[in-house]
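Asks: Quick one: the structure is below, questions incoming.
The values are calculated or read from the model by the stated rules, or taken from the named source; none is laboratory data. All of these numbers come straight from a predicted model, not from anything done at the bench. Glycine also receives a Cβ, built like all others from the backbone with ideal geometry; neighbour counts cover every protein chain displayed.
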Amino acid sequence: VVWSAEVFNCSAPDTGNMEILHRFGTPEQKARWLDPLLDGSIRSCFGMTEPDVASSDARNIQLTISKVGSNYVLNGRKWYISGAGDPRCKVCIVMGKMEGSDNAPSHLQQSMVLVSMDAPGLSIVRACGVFGGDDSPHGHMELVFKDVVVDAKSSILWDEGMGFAIAQARLGPGRIHHCMRSIGCAQRALHWMMLRSSERKVFGAPIISRANARDTIAESRLEIEQCRLLTLHAAHMMDKVGNKAAAQHIAMIKIAAPRMACAVVDRAIQMHGAKGLSQDSWLNFAYANQRTLRLADGPDEVHLMSLAKTVISDFRKHFAPAKL
Ligand SMILES: Cc1cc2nc3c(=O)[nH]c(=O)nc-3n(C[C@H](O)[C@H](O)[C@H](O)COP(=O)(O)OP(=O)(O)OC[C@H]3O[C@@H](n4cnc5c(N)ncnc54)[C@H](O)[C@@H]3O)c2cc1C
């Protein structure tokens, strides 16, 4: 991928989608969708989660993809699809279950297809709420697919049945992108903590002069630095050994960074008093955003599960009898 300046203006779904198109797209798919994403002229969204099934396990996905002649027909419902409300969003990478795949292994039943946002039968029915807000104007949208027809050959990514494998491969760059933003957000919250506590006096002295406020500032600095180093290391491992081998480092930072940012922003809210919760502060919006990241791109528990699997498998390889 050529990392142009515009790429740094992209949203998190774009980062993951560009990775998918870069790795699994045909030259025609890249020309149609990746090039305009890279130059920043369009946006994209990623449609996996569904309201009716536990979507942290991608094998549960139910939107059906039926092969009819040379086309696919899509029917189903997705929700919390970030960026789908942005007028610049022109394409959705949709994950669905191939009709008639029930007898295939559960991780080979899904496919990913490229669907233009103006395809007939695809409608945006509402913006899903986040702590009572709607994250407008880009939003996290609920989408209905009613007999949406796409050309099979030019829409399928990689191959039929490879959707789960793509989902597994996709999320490294998107995840670390989120983590970098979380660190930036926490750093900014720390800055605001110090601004507010310097100018505000309680019981005759600035808040920042109190020992517990200073501890809060120090703890926040410490936790931000820990996550920054973990992120740098994960990025280094992704470059050095590739996303797959770096999976445990990506999992670690995906768990740690949003938790840290939630804690730091929460402290900043506390130090601001009522203002921290008010419409005059960005902190409550930041808290909602960081809290979201403990679910989006996989809940903490799923990353803990995969991290534990790798750690235990390494342990067994080196230290434990095979029968364990
Ligand atoms: C603001 C926002 C934006 C989002 N953007 C997108 C998007 O762009 N595209 C998209 O496809 N999805 C998106 N999502 C959806 C998100 O990825 C899912 O919410 C997430 O994967 C969890 O799926 P679920 O909501 O179906 O929860 P479920 O799968 O029902 O899980 C519920 C809970 O069960 C627990 N759990 C799950 N697995 C385990 C386990 N192995 N062990 C122990 N406990 C477990 C966790 O606590 C989890 O939170 C977004 C979500 C939010 C809130």
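Asks: Give the residue that is nearest to the ligand (Cβ to nearest atom), with candidates limited to residues of region 1-60 that are in contact with a Phe, Trp or Tyr (Cβ under 8 Å, 6 or more places away or on another chain) and at pLDDT 95 or above.
Replies: Thr49
Asks: Within region 229-274, track down each residue that is in contact (Cβ under 8 Å) with a residue 40 or more places away in the chain and either in contact with a His (Cβ under 6 Å, 6 or more places away or on another chain) or basic (Lys, Arg) (or both).
Replies: Within region 229-274, Ala234, Lys244, Ala251, Lys254, Ile255, Arg259, Arg267 qualify.
Asks: Does Leu63 satisfy being more than 12 Å from the ligand (Cβ to nearest atom) and surrounded by 15 or more Cβ atoms within 10 Å (Cβ to Cβ)?
Replies: On the way: more than 12 Å from the ligand (Cβ to nearest atom): no; surrounded by 15 or more Cβ atoms within 10 Å (Cβ to Cβ): yes.
So Leu63 does not fit the description; no.
Asks: Please verify whether Leu143 is closer than 28 Å to Ile253 by Cα, touching a residue at least 60 places away in the same chain (Cβ under 8 Å) and touching a Lys or Arg at 6+ places or on another chain (Cβ under 9 Å), treating the condition exactly as stated.
Replies: No.
Asks: Within region 83-90, does at least one residue satisfy the condition of being within 11 Å of the ligand (Cβ to nearest atom) and within 15 Å of the chain's Cα centre (by Cα)?
Replies: Yes, because at least one residue in region 83-90 is within 11 Å of the ligand (Cβ to nearest atom) and within 15 Å of the chain's Cα centre (by Cα).
The rows are residues; the columns are (1) surrounded by 18 or more Cβ atoms within 10 Å (Cβ to Cβ); (2) in contact (Cβ under 8 Å) with a residue 12 or more places away in the chain; (3) touching a Leu at 6+ places or on another chain (Cβ under 8 Å); (4) not in a loop (DSSP other than H, G, I, E, B).
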{"position": "Glu28", "(1), (2), (3), (4)": "no, yes, no, yes"}
{"position": "Ala31", "(1), (2), (3), (4)": "no, no, no, yes"}
{"position": "Ser44", "(1), (2), (3), (4)": "yes, yes, yes, yes"}
{"position": "Asp52", "(1), (2), (3), (4)": "no, yes, no, no"}
{"position": "Arg59", "(1), (2), (3), (4)": "no, yes, no, yes"}
{"position": "Lys67", "(1), (2), (3), (4)": "no, yes, no, yes"}
{"position": "Ile81", "(1), (2), (3), (4)": "yes, yes, yes, yes"}
{"position": "Ala104", "(1), (2), (3), (4)": "no, yes, no, no"}
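Asks: Here's a follow-up. Pick out the one residue from Asp147, Asp159 that is within 20 Å of Leu21 (Cβ to Cβ) and not in a helix (DSSP H, G or I).
Replies: Working: Asp147 fails: within 20 Å of Leu21 (Cβ to Cβ).
Just a single option satisfies the conditions, and that option is Asp159.
The rows are residues; the columns are (1) surrounded by 20 or more Cβ atoms within 10 Å (Cβ to Cβ); (2) away from the ligand (no atom under 16 Å from the Cβ); (3) modelled with pLDDT under 95.
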residue: Leu108; (1), (2), (3): no, yes, no
residue: Ser111; (1), (2), (3): yes, no, no
residue: Asp118; (1), (2), (3): no, yes, no
residue: Ser123; (1), (2), (3): no, yes, no
residue: Asp135; (1), (2), (3): yes, no, yes
residue: His138; (1), (2), (3): yes, no, yes
residue: Met141; (1), (2), (3): yes, no, no
residue: Lys153; (1), (2), (3): no, yes, no
residue: Asp159; (1), (2), (3): no, yes, no
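Asks: On the basis of being out of contact with any Gly (no Cβ under 9 Å at 6 or more places or on another chain), in a loop (DSSP other than H, G, I, E, B) and not charged (D, E, K, R), does Ala320 make the cut? Lay out the reasoning, then the answer.
Replies: Numbers: out of contact with any Gly (no Cβ under 9 Å at 6 or more places or on another chain): yes; in a loop (DSSP other than H, G, I, E, B): yes; not charged (D, E, K, R): yes.
The answer is yes for Ala320.
Asks: Which members of region 259-287 meet the condition of being more than 16 Å from the ligand (Cβ to nearest atom), of a type in the set (Gly, Ala, Ser) and under 24 Å from the mean Cα position of the chain (by Cα)?
Replies: Matches in region 259-287: Ala263 only.
Asks: So, of the residues in region 288-302 that are of a type in the set (A, V, I, L, M) and either within 6 Å of the ligand (Cβ to nearest atom) or surrounded by 19 or more Cβ atoms within 10 Å (Cβ to Cβ) (or both), which turns out to be modelled with the lowest pLDDT?
Replies: Checked region 288-302; the qualifying residue modelled with the lowest pLDDT is Ala296.
Asks: Still on this model: Of the numbered conditions (1) in a helix (DSSP H, G or I); (2) buried (at least 20 other Cβ atoms within 10 Å of the Cβ); (3) modelled with pLDDT under 95, Asn243 satisfies every one except a single condition; which is it?
Replies: Asn243 satisfies every listed condition except (1).
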